[in-house]
Amino acid sequence: MRPNENCWVVVGTNAIAITPDKAKFFADNNIKCIVSMDGPEHTHNLLRKNHAGQGTWATVDKNIKLLQSY
């Protein structure tokens, strides 16, 4: 690193596969996360479904809170 210079690693994610281990790894390594959501729950669930055809808003919301807890 050069003096007075900051550098970050940023991960863009839909947060579907975030686990406590991954959240801890990101926090321990100062990795920033950008999570994509498509609006309020009803809108997001119309646009983003899992392989079973169910909306993913609740999972994403839970995993954002998990990331924030670390």
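Summary table below
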| quantity | calculated |
| --- | --- |
| Selection from segment 21-70 of residues that are of a type outside the set (S, T, N, Q), more than 26 Å from Trp8 (Cβ to Cβ) and within 13 Å of the chain's Cα centre (by Cα) | Trp57, Ala58 |
| Residue in segment 23-30 that is at pLDDT 95 or above and not in a helix (DSSP H, G or I) present | no |
| Residue within segment 51-70 that is touching a strand residue (DSSP E or B) at 6+ places or on another chain (Cβ under 9 Å) and open to solvent by 70 Å² or more (accessible area, probe 1.4 Å) present | no |
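Yes/no per residue for (1) of a type in the set (A, V, I, L, M, F, W, C); (2) without any contact (Cβ under 8 Å) to a residue 12 or more places away in the chain; (3) open to solvent by less than 70 Å² (accessible area, probe 1.4 Å):
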| position | (1), (2), (3) |
| --- | --- |
| Asn4 | no, yes, no |
| Lys22 | no, yes, no |
| Ala27 | yes, no, yes |
| Lys32 | no, no, no |
| Gly39 | no, yes, yes |
| Asn45 | no, no, yes |
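The values are calculated or read from the model by the stated rules, or taken from the named source; none is laboratory data. Since we're looking at a predicted model, the values are computed, not measured. Neighbour counts are summed over all protein chains in view; Cβ atoms, including those assigned to glycine, are modelled from backbone coordinates with ideal geometry. We work out accessible area using only protein heavy atoms, side chains counted, and drop any ligands, DNA or RNA first. Shrake-Rupley method; radii C 1.70, N 1.55, O 1.52, S 1.80 Å.
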